[in-house]
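One structure is given below, encoded as structure tokens.
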Amino acid sequence: MSDIKRVDPGGGDRVAVPDTRVSTAGYRIGFADDLSAGLCEEAAGLAQQCITGCSDDRPVSASLVRSRLTNALSGEPPVLALARDGSGALAGWCAVRRPEPGELRARLWGPVVAPSARRTGLGQRLLERVVGAVEWPLVTTDVPLDRPGAAAFFAGAGWWVLYTVTVLHRPAPCGPAARVDRLVTAEGVDDLAGYVARAAQRFGGHAPASAQATLDRWRDDARFRPENLLLDPATGSLLLALAQRNAATSELLLAEVWAPQAVRPRLIEDALALADRNALAAVRAVTRDNPAPFVAGGMSVLGTCHLFASPDEQQPGHGGTPDPAQGGPACP
């Protein structure tokens, strides 16, 4: 672990913030030098332990940690604070993924704190250390309302709810798999960037200029495969599904659906068939839209999550301008 420079949202670095490896209830906190393979394994293992049984439970792997924390377009590593106990074991971490072009906010991941280290102030200290090292506005990842104390933690720190998402789930199929002969995927599509740009503009309200950056972000995700990007050429619609496996389980995440309401249930049914064909244990979806098409496609509402914005931003209605789109679509 090393010193870290305070990061300027204008793109430059400011003066170094000494990494004093502050002690909190016996835990030593410092900043990571880089995302080594071993550190990604440690971070993934602790994250999996902390989300098990909550509505955001998902397979977490080292490759997923690396791809979601690293800036997809520049390859820059995150601002990552680590807490270790006296034996050197990882007890907690908190990271900020640097914003990409078009993003107004950087993404906060964590704080992730081992159950044995909770109620020690470690999570608050990790959050303070990371927030103090950057100057971008921040938005959290999904904070499940069914995780004890998680939403209250951010609210108590002055963060405010930017928007709310619904989490849906479908376990392994219990009946015959739907037919998959009709599936159309991104495999072999000559002008995929053009297809994504048209869908982004028509169904997502995103500027064409952001389409290539969006596609680059998708491709950089460890869960992305062209055969899991479902298309409906007749309407120009798409459904982005991300497959993830680890040693214990697997899932297909329905990350984006850009389609008219009449087409959405069919694309969702196709995605469920895709999951069955690839023997994925579960299907999960996270949406800010009406969850009815997912329910119609065979999924059930599992829970609700908030995404919080950092307290240095003005809330809507207090002179600020909300940016729920974050400058373009992003994968949970």
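The values are calculated or read from the model by the stated rules, or taken from the named source; none is laboratory data. Everything numeric in this text was worked out from a predicted model, so none of it was measured. Backbone-built Cβ (ideal geometry, glycine too); neighbour counts: all protein chains shown. Protein only, heavy atoms only, side chains kept; ligands, DNA and RNA dropped before computing areas. Shrake-Rupley method; radii C 1.70, N 1.55, O 1.52, S 1.80 Å.
Computed with every protein chain present, the accessible area of residue 210 is close to 30 Å² [probe 1.4 Å]. Counting 0.36 nm for each residue step from residue 52 to residue 216 and taking away their Cα separation leaves a gain of 56.1 nm.
Once the piece of chain linking residue 161 and residue 124 is laid out straight, how much longer is it, given 0.36 nm per residue of separation minus the C-alpha distance between them? Numbers along the way, then the final one.
Numbers: separation 37, 0.36 × 37 = 13.32 nm, distance 1.82 nm.
That pair, residue 161 and residue 124, stretches by 11.5 nm at full extension.
Annotation for residue 87 and residue 207: the two label points, set 7 Å from Cα along the Cα-Cβ direction, are 5.3 nm apart.
In percent, rounded to a whole number, the relative contact order of segment 131-256 is 15, using alpha-carbon pairs under 8 Å and six or more apart. The residues of segment 40-174 expose on average 38 square angstrom of accessible surface per residue, using a 1.4 Å probe on protein heavy atoms. Within the accessible surface of segment 94-234, defined with a 1.4 Å probe on protein heavy atoms only, the carbon and sulfur portion equals 53 percent. Of the whole protein surface, residue 28 contributes about 110 Å² of accessible area at a 1.4 Å probe radius.
Heavy-atom accessible surface of residue 192, to the nearest 10 Å², is about 20 Å², with a 1.4 Å probe and all protein chains retained. Percent of C-alpha pairs per 5 Å bin in segment 154-306, short distances first: 2, 9, 18, 21, 21, 15, 9, 4, 1, 1, 0. Between residue 189 and residue 262, the contour length at 0.36 nm per residue exceeds the Cα-Cα span by 23.9 nm.
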